[in-house]
1. Taking T116 as meeting all but one of (1) outside any loop (DSSP other than H, G, I, E, B); (2) within 25 Å of A230 (Cβ to Cβ); (3) free of Cβ contacts under 8 Å to residues at least 60 places away in the same chain, write down the number of the exception.
2. Kindly establish whether Y329 is free of Cβ contacts under 8 Å to residues at least 40 places away in the same chain, touching a strand residue (DSSP E or B) at 6+ places or on another chain (Cβ under 6 Å) and not assigned by the TED database to the domain that holds G246.
3. Can you name every residue in the range 266-278 that is under 15 Å from A208 (Cα atoms) and open to solvent by 10 Å² or more (accessible area, probe 1.4 Å)?
4. Is it the case that the range 26-41 has a residue that's more than 16 Å from ligand 2 (Cβ to nearest atom), within 26 Å of W184 (Cα to Cα) and acidic (D, E)?
5. Within the group Y329, Y324, which residue is assigned to a strand (DSSP E or B) and closer than 23 Å to K90 by Cβ?
6. Among the strands (runs of 3 or more DSSP E) lying completely within the range 213-306, list those that include at least 2 residues that are outside the structural domain of Q327 (by the TED database) and at positive phi.
7. Using the structure shown, decide if T74 is over 14 Å from F259 (Cα atoms) and within 13 Å of ligand 2 (Cβ to nearest atom).
8. Out of all the residues in the range 279-322, which are of a type in the set (K, R) and open to solvent by less than 40 Å² (accessible area, probe 1.4 Å)?
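The values are calculated or read from the model by the stated rules, or taken from the named source; none is laboratory data. Just so we're clear, the structure is a prediction, and the values are computed from it rather than from any experiment. Using ideal geometry, Cβ is built from the backbone for each residue, glycine included, and neighbour counts are taken over all protein chains shown. All accessible areas refer to the heavy atoms of the entire protein, side chains included, with ligands and DNA or RNA removed. Shrake-Rupley method; radii C 1.70, N 1.55, O 1.52, S 1.80 Å.
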Amino acid sequence: MAKTAYVRTKPHLNIGTMGHVDHGKTTLTAAITKVLADRGTGTFVPFDRIDRAPEEAARGITINISHVEYETDTRHYAHVDMPGHADFVKNMITGAAQLDGAILVVSALDGVMPQTAEHVLLARQVGVDHIVVALNKADGADEELAELVELEVRDLLTLHGYGGDSAPVVRVSGLKALEGDPRWVAAIEALLDAVDTYVPMPERYLDAPFLMSVENVLTITGRGTVVTGAVERGTVRVGDRVDVLGAGVETVVTGVETFGKPMDEAQAGDNVALLLRGVPRDAVRRGHVVAAPGSVVPRRRFTARVYVLSAKEGGRTTPIATGYRPQFYIRTADVVGDVDLGDAAVARPGERVDMTVELGRDVPLEAGLGFAVREGGRTVGAGTVTAVLD
Ligand SMILES: Nc1nc2c(ncn2[C@@H]2O[C@H](COP(=O)(O)OP(=O)(O)OP(=O)(O)O)[C@@H](O)[C@H]2O)c(=O)[nH]1
Ligand SMILES: [Mg+2]
């Protein structure tokens, strides 16, 4: 059966839900799709279609990021629902790396919790410039409590350079909206209006050479290997040659789809699946980069300015020194790297430091690229590439 092609009628943006475990991100995601489905501009995606892995159902938490699509009156959105649990922050980073704006979900009953703060810090680092707050579970919180939590969230945003005074904070109840309660359906509408108006359409570099960092790799039986992700820049069409950096192969794109709909051309910002000719499934991994042939030379050495998180922010209690070997999260990649602090003998938690990094493998790098530094499953630093070295 021929599939209906994607028709580009509205500007496309990538948004997503982030925040502490159990604050209601997946419920809210399902509620948004329900409200828009009732309006006729989307398809309802129930909770158990978003958290659909057996382990997710058994534990009642999100583990893998998952994507849904919907439209408001003015825009088409790809929405990534991210996990909140501390063990799955690495999956959250992959999701956040693709976003143009984020919905920070904070339970009005619980307030700012550790991963609320960690996600805001990471979002800043991977280049998310706008955050709208969904103060969720407002059905159970009295006004006084909700106001306290709102102040706390605004302070957190300001601390990370998000302008907490102007960010929209909308009281919602994902759960009640899913049940169809008109008051809370209206609250979801208000949240979507806030996203439509507060998150600007980012500049898309359509004329630049194509580049997409791989989020996921799938096999479609009988067709081959598919890589998914958000196109960072440029455009790609069926028949285009591409390099798969990391896998060390050059190949041809034989299919381009978005949410199961074929496209003539994917462009910067689109969330897509690319079918690659003759590439074995196990040759490609999350973190590899698909790019126009010869357009980028992956490197492993760079200088960076890094903020070492304080213990209070969930970071280390002891300083770092030359020889330190944490993981670097760059775009969707996760690579080990050796740190050289040069003249600075050590950098203490809470300090900013210039360092030279040598990664364990080559990755496409450029000045200004943000990254997170993690060790033993927790975030210990946040940095920006200042120069790429030979
Ligand atoms: N009272 C109330 N409960 C809610 C609301 N939204 C979610 N919940 C409940 O909170 C629990 C967690 O909801 P989820 O949507 O799974 O939370 P999550 O943020 O996606 O959790 P992780 O993805 O694992 O971080 C569930 O029991 C929900 O039914 C709400 O608006 N009001
Ligand atoms: Mg969830």
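1. Just one mismatch for T116, condition (3).
2. no
3. If the condition is that a residue be under 15 Å from A208 (Cα atoms) and open to solvent by 10 Å² or more (accessible area, probe 1.4 Å), then Q267 is the only one that fits.
4. Yes, because at least one residue in the range 26-41 is more than 16 Å from ligand 2 (Cβ to nearest atom), within 26 Å of W184 (Cα to Cα) and acidic (D, E).
5. Y329
6. Those strands (runs of 3 or more DSSP E) span 224-233.
7. Criteria not met by T74.
8. Going residue by residue through the range 279-322, those that are of a type in the set (K, R) are 281, 285-286, 299-301, 305, 312, 316.
The answer is R316, and nothing else.
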